[in-house]
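The values are calculated or read from the model by the stated rules, or taken from the named source; none is laboratory data. Model, not experiment: these values are computed from the prediction. Every residue, glycine as well, gets a Cβ built from its backbone with ideal geometry; the counts of neighbours run over all protein chains shown.
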């Protein structure tokens, strides 16, 4: 197994700063967009971006947390049911502009599930998608609106986005995983 | 998502009773139920998670609440539901349980929710069919989903049940709810006292690891949560010789407003349906110290969690 760092903590920091500006750019009122972080790492990314918006523009957009387990199409291929995590959207998303935040965009299935999930909370005006890494290999016709970095990858590689709160560091690694037994 | 989530290793195929579950299994189900409770508060309280599953509700004994609650849980998760009740089926024509379930399972059923007046029926079914079996009450044996929803409600009041003092009051000997509750509560480390007239107290009850009391005041003064059980009029009512009269029962073991004033710290629960004026005064049931209706809402969430966790994946 070999591991290459593709973004350092400084790179990641700048990307968060860019995201913060991109999120509010279309609006007169910087508090207008709604930021929703996807479990697990998207939540920490979203909070980080929000903190920058608060710092630089003294505005606090609404923030929510989304877990898409209920809407996934792939859990039947696994033996165990995945653990469901908290969803917290304590405001009305009707006619709001939403930015979904996740760490990696890969097949597009997670973001498809997330859009389904959001629709059961109401009808937003628009949904945009922001991810740290777009690694290609899409299986569905979706694209990200805000991307930290485009990384062409091989299918036997994994992208690991690290966040300080969970992993002790901010960084992105590209990992070459050997085909292990039980690892599909 | 690129990384695997570290999760609890939940390894159960059926829910036959809490006897087979470890304390950690129980807490995991209760934790997962929290996320399902949230689904019920959404503008669209429905998720498509079980849309590829077909579930049969096999009710050999009448039930309103449990059956409705299961059916609602199944529909909230998008499953296809088939209902069966013994009174309107071929059971009347003399078909045996085994034949019934074999027939139903050859229609490709993924899960079976069963209630039956004989203890052990859910266990028996696991040997007849491949589907996941959920016990919705078998005789006086167990009623695990009721106990889970009771424990879920208790955790809303006091998140950690370890060392918590729970009193169960009333007809201990005819109740399957009480058995499942005792087994579950003790596994997660709670202290349990059962309280009721001696004639409604099974003789071996201490062997389950509970305290026994025949004094309601003493028990209510001790407990954090007091759960009154329904006096099952259909089983022991009318010309009963187990206690002299419902009025006398209420006098000695009914929870009254005066108790709420005297002991300001305990919360009142009841699995329903309530006989007002028997297990508790009507005003007690309606007071803000009672969480009886929360129990009903939580029932749907807990059953959703159970269905979800047992729906499994494709075995590869």
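Scanning the range A:70-78 for any residue that is within 10 Å of chain B (Cβ to nearest Cβ) and under 22 Å from residue A:47 (Cα atoms) turns up nothing. Being within 30 Å of residue B:75 (Cα to Cα), surrounded by fewer than 17 Cβ atoms within 10 Å (Cβ to Cβ) and within 10 Å of chain B (Cβ to nearest Cβ): is that true of residue A:67 here? So residue A:67 fails the test.
Restricting attention to the range B:38-62, the residues being away from chain A (no Cβ under 11 Å), more than 13 Å from residue B:75 (Cβ to Cβ) and either modelled with pLDDT under 90 or more than 16 Å from the chain's Cα centre (by Cα) (or both) number 5. Could you please find all residues in the range A:93-119 being more than 10 Å from chain B (Cβ to nearest Cβ), within 24 Å of residue A:29 (Cα to Cα) and touching a strand residue (DSSP E or B) at 6+ places or on another chain (Cβ under 7 Å)? Within the range A:93-119, A:96, A:97, A:98, A:99, A:100, A:101, A:118 qualify. Summed over the range B:204-220, residues that are farther than 17 Å from residue B:279 by Cα and either in contact (Cβ under 8 Å) with a residue 40 or more places away in the chain or outside any helix (DSSP H, G or I) (or both) total 5.
At least 2 residues being touching a residue at least 24 places away in the same chain (Cβ under 8 Å) and touching a helix residue (DSSP H, G or I) at 6+ places or on another chain (Cβ under 6 Å) is the threshold, and among the strands (runs of 3 or more DSSP E) wholly inside the range B:55-142 those reaching it are B:111-116, B:132-138. The lone criterion from (1) within 11 Å of chain B (Cβ to nearest Cβ); (2) surrounded by 12 or more Cβ atoms within 10 Å (Cβ to Cβ); (3) more than 19 Å from residue A:48 (Cα to Cα); (4) in contact (Cβ under 8 Å) with a residue 12 or more places away in the chain left unmet by residue A:123 is number (2). Taken over the range B:9-37, the criterion of being more than 19 Å from residue B:159 (Cβ to Cβ) and surrounded by 16 or more Cβ atoms within 10 Å (Cβ to Cβ) is satisfied by B:10, B:12, B:14, B:15, B:16, B:17, B:18, B:21. The condition of being out of contact with any helix residue (DSSP H, G or I) (no Cβ under 9 Å at 6 or more places or on another chain) and surrounded by fewer than 22 Cβ atoms within 10 Å (Cβ to Cβ) does not hold for residue A:55. Please verify whether residue A:151 is closer than 19 Å to residue A:19 by Cα, within 10 Å of another protein chain (Cβ to nearest Cβ) and surrounded by 13 or more Cβ atoms within 10 Å (Cβ to Cβ), treating the condition exactly as stated. Against the criterion (closer than 19 Å to residue A:19 by Cα, within 10 Å of another protein chain (Cβ to nearest Cβ) and surrounded by 13 or more Cβ atoms within 10 Å (Cβ to Cβ)), residue A:151 does not qualify. Of note, residue A:62 does not satisfy the criterion of being facing chain B (nearest Cβ under 9 Å), within 18 Å of the chain's Cα centre (by Cα) and closer than 22 Å to residue A:17 by Cβ.
Set side by side, the residues B:78, B:94 differ, and just one is in the same structural domain as residue B:126 (by TED's automatic domain parsing), surrounded by fewer than 18 Cβ atoms within 10 Å (Cβ to Cβ) and at pLDDT below 90, which is B:94.
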